[in-house]
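To keep things clear, I will list the structure first and then write my remarks on it.
The values are calculated or read from the model by the stated rules, or taken from the named source; none is laboratory data. Computed from a predicted structure; not experimentally measured. All Cβ positions, glycine included, derive from the backbone under ideal geometry; neighbour counts span all protein chains shown.
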2 protein chains.
Amino acid sequence: MAGARKLPTRDELSTWREFIETTERLRNMLTARLQHDTGLSPGDYAVLLALSEAPGSRVRSSELASLIGWERSRLSHHLGRMERRRLIRREECASDSRGAEVVLQPTGADAFHAATAPHLRAIRELFIDALTPEQLAAAGEIAAALQTHLSRPASNATERSRT
Amino acid sequence: MAGARKLPTRDELSTWREFIETTERLRNMLTARLQHDTGLSPGDYAVLLALSEAPGSRVRSSELASLIGWERSRLSHHLGRMERRRLIRREECASDSRGAEVVLQPTGADAFHAATAPHLRAIRELFIDALTPEQLAAAGEIAAALQTHLSRPASNATERSRT
DNA sequence: GAGTCGTGATTGACACGTCAACTATGCCAC
DNA sequence: GTGGCATAGTTGACGTGTCAATCACGACTC
């Protein structure tokens, strides 16, 4: 048995398309608004949020990466761009000379503080206000179910490592 | 009235985060699988799908753009990359010499045919199988509600053009 | 048929992401 | 203290996406 799984029906496929296209559109609109209102990208916002919650507004680079769930190289590239804009600064780490510490700069702190209210408002307007309380709850359950499912090793590869 | 909208509650915000992060993860896993199984990106797949459904496997460039909902410049860049890989070809358009026609190439047709079953299977495994039928229906309703809401002009800018 | 305007498509600059090297330390064994 | 290995972080190449500018042509007017 196994091997040829049943393919999605027409209805399932159209639900999938609507779902994935809508969430992409939602993300794009959020990004555009954040950019327009505050000049920050979602990446900038994530970095600044994590940084401003850290004691002393400074975090080891690899810890920052795991806080926001990024690969280190992605973070490194992004920090380079943020450093050019004076949002953050990188310092050598005292305890481990391989390491780097990321430090929030005044420019970055200001940008983040100015961004948080508009961003939260946008989330409310574009997402929360679009749904009934029941739908919002259902969205949470769907996300949880997907998250669980995607973390199952088998969902990565069904019948793919059968060598 | 108006101006200071209520900010999201802690619960709403955590639902939001779970939702948006999960859909992003889902998209990433789908992309990785498509890439791994077939060597195509989601963009490639969308272009090839539209092209292979078109009469004669050829479409005017701007029509292709509207079929898959892309900006023309995005499409132009992508077609350039696909042309380098011999997946498609661009021809001058007979009826309108400004225009270009995109033509499916054998390499592209083969790649697309080889990709469709694995891709549909991945959608089933990663998305549909993760949800109960009720959750799947709810996902469709949520997408529809969001789509409607996001198309409302006011949801783009509440109190933003109040000059 | 010259002027103007809209449309079809491409281009260049740049932000963002991934992957695969690569550098530089730390760390442990011996 | 040297060899081997893991860890921290950076870098380069390249695919992808947006924006603004540009080019070329069609269409319409006079």
**OP:** Could you list all residues from the range A:118-127 that are surrounded by fewer than 19 Cβ atoms within 10 Å (Cβ to Cβ) and within 7 Å of another protein chain (Cβ to nearest Cβ)?
**Re:** A:120
Original post:
When you look at residue A:67, is it within 11 Å of DNA strand D (Cβ to nearest atom), within 15 Å of residue A:50 (Cα to Cα) and in the same structural domain as residue A:46 (by TED's automatic domain parsing), yes or no?
Top reply: no
Original post:
For the range A:95-124, what are the residues that are under 21 Å from the mean Cα position of the chain (by Cα) and of a type in the set (A, V, I, L, M)?
Top reply: A:102, A:103, A:104, A:109, A:111, A:114, A:115, A:117, A:120, A:122, A:123
Original post:
In the set A:18, A:24, which member is near DNA strand D (Cβ under 10 Å from one of its atoms), part of a helix (DSSP H, G or I), under 28 Å from residue A:130 (Cβ atoms) and at pLDDT 95 or above?
Top reply: A:24
**OP:** Go through (1) among the small types (Gly, Ala, Ser); (2) surrounded by 16 or more Cβ atoms within 10 Å (Cβ to Cβ); (3) away from chain A (no Cβ under 12 Å) and name the single condition residue B:66 misses.
**Re:** (2)
Subject >> Exclusive hit being at pLDDT below 95 and within 14 Å of chain A (Cβ to nearest Cβ), set B:134, B:159 >> reply: B:159
**OP:** State which residue pairs qualify: first residue under 13 Å from residue B:122 (Cα atoms) and inside the range A:4-25, second residue outside any helix (DSSP H, G or I) and among the hydrophobic types (A, V, I, L, M, F, W, C) in any location, beta carbons under 8 Å apart, and separation of 6 or more residues or different chains.
**Re:** A:16/B:127
Original post:
Which residue, of A:30, A:40, A:34, is in a helix (DSSP H, G or I), closer than 30 Å to residue A:103 by Cβ and more than 11 Å from every other protein chain (Cβ to nearest Cβ)?
Top reply: A:34
**OP:** Please state which one of A:74, A:90, A:60 is within 9 Å of DNA strand D (Cβ to nearest atom) and within 14 Å of chain B (Cβ to nearest Cβ).
**Re:** A:74
Subject >> In the range A:43-57, the residues that are near DNA strand C (Cβ under 8 Å from one of its atoms) and more than 14 Å from chain B (Cβ to nearest Cβ) >> reply: A:44
Original post:
Quick one: residue B:141 ticks every box in (1) buried (at least 21 other Cβ atoms within 10 Å of the Cβ); (2) facing chain A (nearest Cβ under 7 Å); (3) out of contact with any Phe, Trp or Tyr (no Cβ under 7 Å at 6 or more places or on another chain) bar one, so which box is it?
Top reply: (1)
**OP:** Hey, can you tell me all the residues within the range A:78-113 that are touching a Cys at 6+ places or on another chain (Cβ under 7 Å) and small (Gly, Ala, Ser)?
**Re:** A:99, A:100
